[in-house]
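Engineer: Before we start, here is the structure in question, set down as structure tokens.
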Amino acid sequence: MASSPRTGRSSPALVAVVIGAVLILGVIAMVVLGFDPVRVSQGVASSFFPPQAVTDRGEHIRQLYDLVFGIAVVIFFVVEGLIIWTVVRYRRKPGDDELPPQTHGNAIAEVVWTVVPTLIVAILFVASWLTLNTVDATSAQPQMKVRATAAQFLWSFEYLPNDYDPVTNKDAKPLLSITEPEGPDGGLTLPVGRTIHLYLQSPDVIHAFYVPQFLFKRDVVPGRTNSFEFTLKDEDVGGTFHGQCAELCGEGHNKMHFDVHAMTGADFDTWLQQKIAAANASPSPPPPQPSGGSTPPGQSGPPAAAPLSLVAQNIAYDKTELSAPANTPFQIQFDNQDASIPHNVAIHEGSPTGAELFKGEIFPGPAQKTYDVPPLKAGAYAFVCSVHPNMNGTLTVQ
Amino acid sequence: MATTALHPAARTYRSTLYEWVTTTDHKKIGVMYLINSFIFFFIGGLLALGVRSELAQPGLQFVTDQVYNELFTMHATFMIFLFIIPILAGFGNFIVPLHIGAPDVAFPRINALSLWLLPMAGLLLLLSFFTVQAPAAGWTSYSPLAQDRPLGSVGPGQDLWIVAVVLVGTSSILGAVNFLVTIFKMRAPGMTLFRMPIMVWTVLVTSVLGLLATPVLTSALIMLFIDRNYGGAFFDPRNGGDAILYQNVFWFYSHPAVYIMVLPAMGIISEVLPVFSRKPLFGYKAFVFATAAIGALGFSVWAHHMFTTGAVYLPFFSLMTFLIAVPTGVKMFNWIFTMWRGKLRLSTPLLFALGFLSMFLIGGINGAFSAAVPVDFALHDTYWVVAHLHYVLFGGSVFGVMAGLYYWFPKMTGRMLSEGLGKIQFVLMFIGFNLTFFPMHQLGLAGMPRRIADYSSTAGWNDLNLLATIGGFTIAASMVPLLWNIFVSLRSGKPAGDDPWEANTLEWATTSPPPPYNFDHLPEIRSERPLFDLRHGHAAPAATAVVPQSASTSH
């Protein structure tokens, strides 16, 4: 290296030591004080923190977040402050053409700002590894097994028997299936305080199970059964937590919402027994709740006209036009041939985006259902799959 | 000017346009790289405005779900593959031969080929808008969503995307070979490796990354193409393929690509800071080793994009990701101490360099959150990640690009850009950038996933999204003073002279713009700052011994 004049050799070293000391002290302060300063500040800047966790695992993640956040804030203020101070302090005064000292570097300083960050990231790594082991731990005998299926573009949930296993007993018959992802009767209803093992499967593309209040997400990968465990906290009883697909899965990605409801263990057991009994009592009657209540179920006698038939295959209907008699109830025999993919038939006024007049139950294929459609006035309607708006056609009522 | 004597007195029949289109001069190619990149920067920017407009309020106001997916997919594709990567290659093209005292790159015709592949790729991407469905599977094009099937990626749009990205990759590979041979074989006498400007070192490491990683992406994309068109079984579980395999191969390129997108910007900053502080770079060798360390570690962190797939050995990738913070931190402190006790001239290039320092710092810090795997379980695929990547690629790379543009524009054109307009642009861009991307941290923490066209009005995300949209349009507004500045300066800017900044490196030892063969004569090279030595008497001016351009190798 060319030998340029070196002045102030001691001063950068001194400064480097000071900065290193500040970094170290900052970290020590965070560790010694626990994370109290951060906790205290939550009321002021709550949006710099994730939501309060509603699961035991989420609570650990939240603690790790607080640690990382504390260290990040210290580093941010020290380094950003150093930049600003340097710029303000050492800006050139007008008319000052003197050459500043030509410092080429300082070995001690380099060592300090290599070693100190290494120590910081070592602390962060160990902390996150320990947390990871807790978050990813699974028990040999979880108290409940549930499966979430993410299909374009609908979540459904199945309560599994305890002998279910994704490898040795993957075809075990579910105790109960819930095909409605949202609302008071839809979504994932779970007891607090029990270890829940959630299996994830997808028949089509990659999705992700994400509940912000779990502080957790896991991808739902076709060809692979992912799973994770969690326990809802006791104080969650009565709570509903919103979840959403977090991995781009196509056109309807932003519509893949679901709810998680928390109940006491006793309430849950009753709820589950009632649901199973109801499902067994009526294998496939007219859908339990075909519509939002605006359309009275067709309670008149058997419809006069022959039922219309409609098949869904490869995410398309086999027909683009249907016709039905006016002012009389009629039936649609709907055959969903797409394995694991949910479809239905809904009737909208005028166009597929018009007001919904009838919504048939959504169910995954291969299966068939017969929908009872209430009387419609003469006119042009659209029939459409609620899950896949691409699937649509025109219904002529005359 | 020294060049005039070499031009024939009579006008040739060849037009300027013909000259530029057929040129193999690395400087003209470099400038065309920049122009081409800026065109796609503006296209990508318009797409981003579409995204921000749609998200300003809940509900779908302007586009359908499908078009929204096309908007952000193409925004990222243009910005990454046709703006950031090529514009940094463009700066490298213009500056590397000048920095090492060479008359041109090693393979000038291959250099022209690398350039002209880029507009071709861009045209293919634009063409995809006229197919059944423009690419809408994200710039990552994960399988099976990118497969040709209903609700996936139907039609030839996705195929055009694959071909375009393969063309960009080919351009990168050719460029990397060219840079490596140029740097190792064409340095001027006295220009030892450890006297090369840091900019050249970053281009060197970037080229190694590009050479090793890009073929992996190319093979991934070819396999995806086979899956889509010839019934392959690589990545589609329906045919027995593996969806996770695609992610592994894709990120094996695309994470090192992040360093391809930021290292040369670090190189630009490492040139600008010493010049405007009037001090040497603090810790030159530390910079070299840190750059090499980032490049090496960059190959062992790809799976940190896949922490939530449940198919990754998490502790390893967590540790490696944390470790990358160390060499990056070394650079940060060396930059700051380059300014320490200096005499800072707050000209536009330095302002953008300071923008880089302060914003890239945030991009480094918020990245550490995701290195902590359990925290990433909460933040992955939310707006937090959108904030992080823009603090790195916009706060880092784009601010670096602007610093480089203001710094080297006088060398490229012979005219200065206006300082006043430059400062207006900086202030608008800095404010707009933070307005846009800082609220995204909070949106991500509040649980807003990325890549959604719509959100519920009761989710509590309305205000921050509106703020981000206002910020986005502020960034767009900051482009007006830039374009006006370039337009005015090209017509009537202040003549630059050879060395308007009192700079240190060889490009300022020749005319602005330099002659086709770059140097009439080279000063003696005895440190990484030959021009400083010349000014302050540590080196003899080379003017005493006139070195013809061809003699520099026979010296």
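The values are calculated or read from the model by the stated rules, or taken from the named source; none is laboratory data. Since this is a predicted model, take the numbers as computed values, not measurements. We place every Cβ from the backbone using ideal geometry, glycine too, and count neighbours over all the protein chains shown.
Engineer: For the range B:490-501, indicate whether the set of residues that are among the charged types (D, E, K, R), free of Cβ contacts under 8 Å to residues at least 60 places away in the same chain and part of a loop (DSSP other than H, G, I, E, B) is non-empty.
Structural biologist: Within the range B:490-501, one or more residues are among the charged types (D, E, K, R), free of Cβ contacts under 8 Å to residues at least 60 places away in the same chain and part of a loop (DSSP other than H, G, I, E, B).
Engineer: Read through the list (1) over 30 Å from B:ILE324 (Cα atoms); (2) of a type outside the set (Lys, Arg); (3) in contact (Cβ under 8 Å) with a residue 60 or more places away in the chain, then give the number of the only condition that A:ALA109 fails.
Structural biologist: (1)
Engineer: Just to confirm my filter: which strands (runs of 3 or more DSSP E) fall fully inside the range A:298-398 and include at least 1 residues that are modelled with pLDDT of 85 or more, among the small types (Gly, Ala, Ser) and surrounded by 16 or more Cβ atoms within 10 Å (Cβ to Cβ)?
Structural biologist: Qualifying strands (runs of 3 or more DSSP E): A:308-313, A:321-324, A:346-349, A:379-384, A:392-397.
A quick yes/no check of all residues on (1) within 30 Å of B:HIS26 (Cβ to Cβ); (2) more than 14 Å from every other protein chain (Cβ to nearest Cβ); (3) touching a Cys at 6+ places or on another chain (Cβ under 7 Å); (4) not in a helix (DSSP H, G or I):
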site: B:SER141; (1), (2), (3), (4): no, no, no, yes
site: B:ILE173; (1), (2), (3), (4): yes, yes, no, no
site: B:THR182; (1), (2), (3), (4): yes, yes, no, no
site: B:PRO189; (1), (2), (3), (4): yes, yes, no, yes
site: B:MET199; (1), (2), (3), (4): yes, yes, no, no
site: B:PRO215; (1), (2), (3), (4): yes, yes, no, no
site: B:ILE222; (1), (2), (3), (4): no, yes, no, no
site: B:PHE225; (1), (2), (3), (4): no, yes, no, no
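Engineer: Only one residue in A:ILE75, A:ILE71, A:ILE61, A:ILE83 is more than 38 Å from the chain's Cα centre (by Cα) and either assigned to a helix (DSSP H, G or I) or closer than 18 Å to B:LEU281 by Cβ (or both), so which one is that?
Structural biologist: After ruling out the rest, the residue left standing is A:ILE83.
Engineer: Just the residues that are without any contact (Cβ under 8 Å) to a residue 24 or more places away in the chain and surrounded by 15 or more Cβ atoms within 10 Å (Cβ to Cβ), please, taken from the range A:97-106.
Structural biologist: Those that are without any contact (Cβ under 8 Å) to a residue 24 or more places away in the chain and surrounded by 15 or more Cβ atoms within 10 Å (Cβ to Cβ): A:PRO100, A:GLY105.
Engineer: For the condition buried (at least 23 other Cβ atoms within 10 Å of the Cβ), among the hydrophobic types (A, V, I, L, M, F, W, C), in a helix (DSSP H, G or I) and free of Cβ contacts under 8 Å to residues at least 12 places away in the same chain, what is the one hit in B:LEU354, B:LEU319, B:LEU350?
Structural biologist: Of B:LEU354, B:LEU319, B:LEU350, the one residue that is buried (at least 23 other Cβ atoms within 10 Å of the Cβ), among the hydrophobic types (A, V, I, L, M, F, W, C), in a helix (DSSP H, G or I) and free of Cβ contacts under 8 Å to residues at least 12 places away in the same chain is B:LEU354.
Engineer: Please determine whether any residue of the range A:349-356 is of a type in the set (S, T, N, Q) and more than 33 Å from the chain's Cα centre (by Cα).
Structural biologist: Looking for residues that are of a type in the set (S, T, N, Q) and more than 33 Å from the chain's Cα centre (by Cα), one finds none in the range A:349-356, hence no.
This table checks each residue for (1) modelled with pLDDT of 95 or more; (2) in contact with an Asp or Glu (Cβ under 8 Å, 6 or more places away or on another chain); (3) within 13 Å of chain B (Cβ to nearest Cβ).
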| position | (1), (2), (3) |
| --- | --- |
| A:ASP163 | no, no, no |
| A:SER177 | no, yes, no |
| A:HIS207 | yes, yes, yes |
| A:TYR210 | yes, yes, yes |
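Engineer: On to the next question. Would you tally the residues in the range B:478-508 being touching a helix residue (DSSP H, G or I) at 6+ places or on another chain (Cβ under 6 Å) and small (Gly, Ala, Ser)?
Structural biologist: 3
Engineer: Restricting attention to the range B:360-371, does a residue exist that is assigned to a helix (DSSP H, G or I), closer than 21 Å to A:VAL87 by Cα and either touching a Leu at 6+ places or on another chain (Cβ under 7 Å) or among the basic types (Lys, Arg) (or both)?
Structural biologist: Within the range B:360-371 (the criterion being assigned to a helix (DSSP H, G or I), closer than 21 Å to A:VAL87 by Cα and either touching a Leu at 6+ places or on another chain (Cβ under 7 Å) or among the basic types (Lys, Arg) (or both)), the answer is no, since none of the residues qualifies.
Engineer: Sticking with this one: Please tell me if A:ASP185 is within 30 Å of A:GLY365 (Cα to Cα), surrounded by fewer than 22 Cβ atoms within 10 Å (Cβ to Cβ) and not β-branched (Val, Ile, Thr).
Structural biologist: Yes: the conditions hold for A:ASP185.
Engineer: Could you please let me know if A:LEU200 is buried (at least 21 other Cβ atoms within 10 Å of the Cβ) and within 14 Å of chain B (Cβ to nearest Cβ)?
Structural biologist: yes
Engineer: Condition check: crowded, with 17+ Cβ neighbours inside 10 Å and free of Cβ contacts under 8 Å to residues at least 60 places away in the same chain. Does B:GLY152 satisfy that? Before the answer, list the steps.
Structural biologist: Numbers: crowded, with 17+ Cβ neighbours inside 10 Å: yes; free of Cβ contacts under 8 Å to residues at least 60 places away in the same chain: yes.
For B:GLY152, the condition - crowded, with 17+ Cβ neighbours inside 10 Å and free of Cβ contacts under 8 Å to residues at least 60 places away in the same chain - is met.
So that you can scan it fast, the table gives a plain yes or no per residue for (1) within 30 Å of B:TYR68 (Cα to Cα); (2) charged (D, E, K, R); (3) within 14 Å of chain A (Cβ to nearest Cβ); (4) touching a residue at least 40 places away in the same chain (Cβ under 8 Å):
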site: B:GLY90; (1), (2), (3), (4): no, no, no, yes
site: B:ASN93; (1), (2), (3), (4): no, no, no, yes
site: B:PRO97; (1), (2), (3), (4): no, no, no, yes
site: B:GLY101; (1), (2), (3), (4): no, no, no, yes
site: B:VAL105; (1), (2), (3), (4): no, no, no, yes
site: B:LEU118; (1), (2), (3), (4): yes, no, no, yes
site: B:ALA121; (1), (2), (3), (4): yes, no, no, yes
site: B:LEU127; (1), (2), (3), (4): yes, no, no, no
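Engineer: Also, I was wondering about something else. Taking the range A:219-240 as the search range and keeping residues that are facing another protein chain (nearest Cβ under 7 Å) and crowded, with 24+ Cβ neighbours inside 10 Å, which one is farthest from A:PRO191 (Cα to Cα)?
Structural biologist: Filtering the range A:219-240 for residues that are facing another protein chain (nearest Cβ under 7 Å) and crowded, with 24+ Cβ neighbours inside 10 Å, the one farthest from A:PRO191 (Cα to Cα) comes out as A:VAL221.
Engineer: Filter the range B:294-316 down to residues that are in a loop (DSSP other than H, G, I, E, B) and without any contact (Cβ under 8 Å) to a residue 60 or more places away in the chain and give me whichever is nearest to B:VAL401 (Cα to Cα). Walk me through how you get there before you give the answer.
Structural biologist: Quick first cut of the range B:294-316, residues in a loop (DSSP other than H, G, I, E, B) only: B:301, B:306, B:310-313.
From what is left, the residues that are without any contact (Cβ under 8 Å) to a residue 60 or more places away in the chain are B:301, B:310, B:312-313.
Details: B:VAL301: 25, B:GLY310: 37, B:VAL312: 35, B:TYR313: 36 Å.
Per the stated criteria, the residue is B:VAL301.
Engineer: Of the residues A:ASN162, A:ASN169, which is surrounded by fewer than 15 Cβ atoms within 10 Å (Cβ to Cβ) and touching a Lys or Arg at 6+ places or on another chain (Cβ under 7 Å)?
Structural biologist: One residue alone meets the criteria, A:ASN162.
Engineer: Filter the range B:437-449 down to the residues that are surrounded by 21 or more Cβ atoms within 10 Å (Cβ to Cβ) and part of a loop (DSSP other than H, G, I, E, B), then identify the one that is nearest to the other protein chains (Cβ to nearest Cβ).
Structural biologist: The selected residue is B:GLY447.
Engineer: Looking at the range A:109-126, can you tell me whether even one residue there is part of a helix (DSSP H, G or I), touching a Ser or Thr at 6+ places or on another chain (Cβ under 7 Å) and either exposed (fewer than 14 other Cβ atoms within 10 Å of the Cβ) or facing another protein chain (nearest Cβ under 7 Å) (or both)?
Structural biologist: The answer is yes; a qualifying residue exists.
Engineer: Just checking, which of B:ALA303, B:ALA311 is more than 9 Å from every other protein chain (Cβ to nearest Cβ) and modelled with pLDDT under 95? Walk me through it before giving the result.
Structural biologist: On the way: B:ALA311 fails: more than 9 Å from every other protein chain (Cβ to nearest Cβ).
Answer to the selection: B:ALA303.
Engineer: Which residue pairs have Cβ atoms under 7 Å apart, sit 6 or more places apart or on different chains, and have a first residue in the range B:28-47 that is over 19 Å from B:TYR18 (Cβ atoms) and a second that is surrounded by fewer than 20 Cβ atoms within 10 Å (Cβ to Cβ)?
Structural biologist: Final answer for the pair search is B:GLY45/B:ALA476.
Engineer: Something else now. Here is a list: B:PHE235, B:PHE250, B:PHE276. Which entry is touching a strand residue (DSSP E or B) at 6+ places or on another chain (Cβ under 7 Å), within 14 Å of chain A (Cβ to nearest Cβ) and either in a helix (DSSP H, G or I) or touching a residue at least 40 places away in the same chain (Cβ under 8 Å) (or both)?
Structural biologist: B:PHE276
Engineer: I'd like the residue in the range B:373-387 that is surrounded by fewer than 24 Cβ atoms within 10 Å (Cβ to Cβ) and assigned to a helix (DSSP H, G or I) and, out of all such residues, is farthest from the other protein chains (Cβ to nearest Cβ).
Structural biologist: The selected residue is B:VAL386.
Engineer: Quick check on B:ILE475: is it surrounded by fewer than 17 Cβ atoms within 10 Å (Cβ to Cβ), in contact with a helix residue (DSSP H, G or I) (Cβ under 8 Å, 6 or more places away or on another chain), among the β-branched types (Val, Ile, Thr) and in a helix (DSSP H, G or I)?
Structural biologist: no
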